[in-house]
Amino acid sequence: SDLHALIERLPKAELHLHLEGTLEPEMMVALAERNGVDIPYASAQEARKAYDFSDLQDFLDLYYVGMKVLVTERDFHDLTLAYFERAHADNVRHAEIFLDPQGHTERGIDFDVCMRGVLSACEETEERFAITSKLILCFLRDLSEEKAFETLEACKPWLDRIEAVGLASAEKGNPPSKFARVFQAAADLGLKRVAHAGEEGPAEYVEEALDVLKVDRIDHGNRALDDMALVRRLKATAMTLTVCPLSNLALKGVARLEDHPIRTMLDLGLRATVNSDDPAYFGGYVNENYRRAADAVGLTREDVIQLAKNSFLGSFLGEEEIYAHL
Ligand code: ADE
Ligand code: ZN
């Protein structure tokens with residue numbers, strides 16, 4: 001359709017993308033073989049069949065198993081480059097990508113190995129595809145504050161290559177306030193801050209991410225709509241929400257895509273964006289998220305253009321860089 005053609009040709013930024021969530025089953029099987037790592041699937045097809053999730057934790061259990069095939073610097077490089085090839089096909093011009101270092105350091109992979117592999121692929125991407133990128137390192141919120149501080153310490157030699165810290169993994173029972181001190185320390189190092197909030201957790205966690213973690217963006221933020229005072233605050237401060245429709249569907253945040261709040265968010269004047277989260281697990285990269293969401297909730301051409309604009313406005317690019325994309 002015309003709307004799909006518009007989506008495909010619009011320049012976009014992607015602001016919510018876990019690199020480890022771009023690990024396609026084919027690459028998982030190939031890397032398992034290459035590295036002699038055991039995975040619970042005999043084939044890519046078998047892995048795909050297992051991707052039927054009841055909630056966030058159910059997904060995370062498979063996500064942390066899948067990433068065990070990532071061992072060498074080359075693995076991280078190949079994973080990252082494969083993502084950017086797909087992003088290029090979707091006309092993504094800028095990406096701010098998450099890495100979960102604790103998913104690797106906790107199983108004995110060196111932090112610097114991950115960083116070298118990812119960053120060399122980012123450089124190659126800028127040369128080959130003219131896609132710019134920034135790196136956001138997420139703390140795993142189901143692990144301790146102490147472990148997060150260890151991760152922040154490992155970041156110090158890489159500060160000029162890290163844009164922000166984030167907060168990911170199991171939200172329920174792990175409120176933003178658990179990481180108040182480590183986020184303050186990250187701010188003192190000059191890092192920007194984002195946090196997953198209101199994906200499964202309550203609107204209060206969104207408020208806490210703003211008040212306690214002083215975040216520059218909210219990842220997801222769906223549950224903020226339960227609190228109209230919070231909605232007014234998000235609107236008044238032009239806070240960016242990095243929304244992920246196919247993720248919300250796969251993890252049962254919404255029963256049907258027709259029930260997805262993306263249209264409501266735009267109608268309320270919120271700076272919502274569309275992103276792919278863990279595309280290898282949730283059935284589509286960024287354009288597929290735009291297309292499926294647009295069809296399901298009836299986005300207009302103007303809505304789609306606004307979403308693409310919001311993706312640059314909400315990015316950590318400088319003001320002139322942003323305007324060059326609009
Ligand atoms: N890690 C990878 N994907 C995630 C998500 N959707 N929510 C929280 N943590 C994640
Ligand atoms: Zn996410």
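Every number in this text was worked out from the coordinates using simple rules, so none of it is lab data. Note that the structure is predicted; figures quoted are calculated from it, not measured. Every residue, glycine among them, receives a Cβ derived from its backbone with ideal geometry; neighbour counts consider all protein chains shown.
Quick one: grab the alpha carbon gyration tensor of region 1-129, order the square roots of its eigenvalues as a ≥ b ≥ c, and give me rounded if a/c is under 1.5, else prolate or oblate depending on whether a/b is larger than b/c. Walk me through the intermediate numbers first.
Working: a/c = 1.89, a/b = 1.30, b/c = 1.46.
The shape class here is oblate.
With a Cα cut-off of under 23 Å and a minimum spacing of 8 residues unless on different chains, the lysine pairs in region 2-315 number 28. For the chain, the fraction of C-alpha pairs more than 37 angstrom apart is 9%.
Taking 0.36 nm per intervening residue step and subtracting the Cα-Cα distance, what contour gain separates Asp110 from Glu302 on full extension?
Values: separation 192, 0.36 × 192 = 69.12 nm, distance 4.58 nm.
Here the segment from Asp110 to Glu302 would lengthen by 64.5 nm.
Note on Leu189 and Asp295: the model spin-label points, each 7 Å out from Cα along the C-beta direction, lie 4.3 nm apart. Here region 269-308 is assigned +1 on the Cβ of each Lys and Arg and -1 on the Cβ of each Asp and Glu. Its dipole about the Cα centre then comes out at about 100 debye. Classify region 165-230 as rounded, prolate or oblate from the Cα gyration tensor: take a ≥ b ≥ c as the square roots of its eigenvalues, call it rounded if a/c is under 1.5, otherwise prolate when a/b beats b/c and oblate if not. Cα axes put region 165-230 in the prolate bin.
Using a simple charge model, +1 on the beta-carbon of Lys and Arg, -1 on the beta-carbon of Asp and Glu, nothing else, what dipole does the chain show about its Cα centre, in debye to the nearest 20?
Numbers: 36 positive and 58 negative charges, 128 e Å.
Dipole magnitude for the chain comes out near 620 debye.
Distance from the alpha carbon centroid of region 174-235 to that of region 288-303 works out to 26 angstrom. If you sort the three axes of the alpha carbon gyration tensor as a ≥ b ≥ c, you get a/c of 1.5 or more for region 134-265 and a/b above b/c, which makes it prolate. For the pair Glu145 and Asp58, label points projected 7 Å from Cα toward Cβ lie 3.4 nm apart.
Shown is the FRET efficiency for Phe129 and Ser177, computed with R0 = 56 Å from the Cβ-Cβ distance and rounded to the nearest 0.05: 0.90. By the count of other C-beta atoms within 10 Å, a proxy for reagent exposure, Arg271, Arg217, Arg34 are ordered fewest to most as Arg34, Arg271, Arg217. Panel order for Thr125, Thr264, Thr273, Thr105, by other beta carbons found within 10 Å of each beta carbon, from fewest to most: Thr264, Thr105, Thr125, Thr273. Estimated from the Cβ-Cβ distance and a Förster radius of 41 angstrom, the FRET efficiency linking Leu268 and Ala324 is about 0.90.
With neighbours defined as other Cβ atoms within 10 Å of a residue's Cβ, the residues Phe179, Phe84 order from fewest to most as Phe84, Phe179.
Multiplying the residue separation of Thr237 and Ala42 by 0.36 nm and removing their Cα-Cα distance gives an extension gain of 65.3 nm. Between the residues Leu31, Gln57, Thr300, the greatest Cα displacement towards the positive end of the dipole of the chain, with unit charges on the Cβ of Lys, Arg, Asp and Glu, is found for Thr300.
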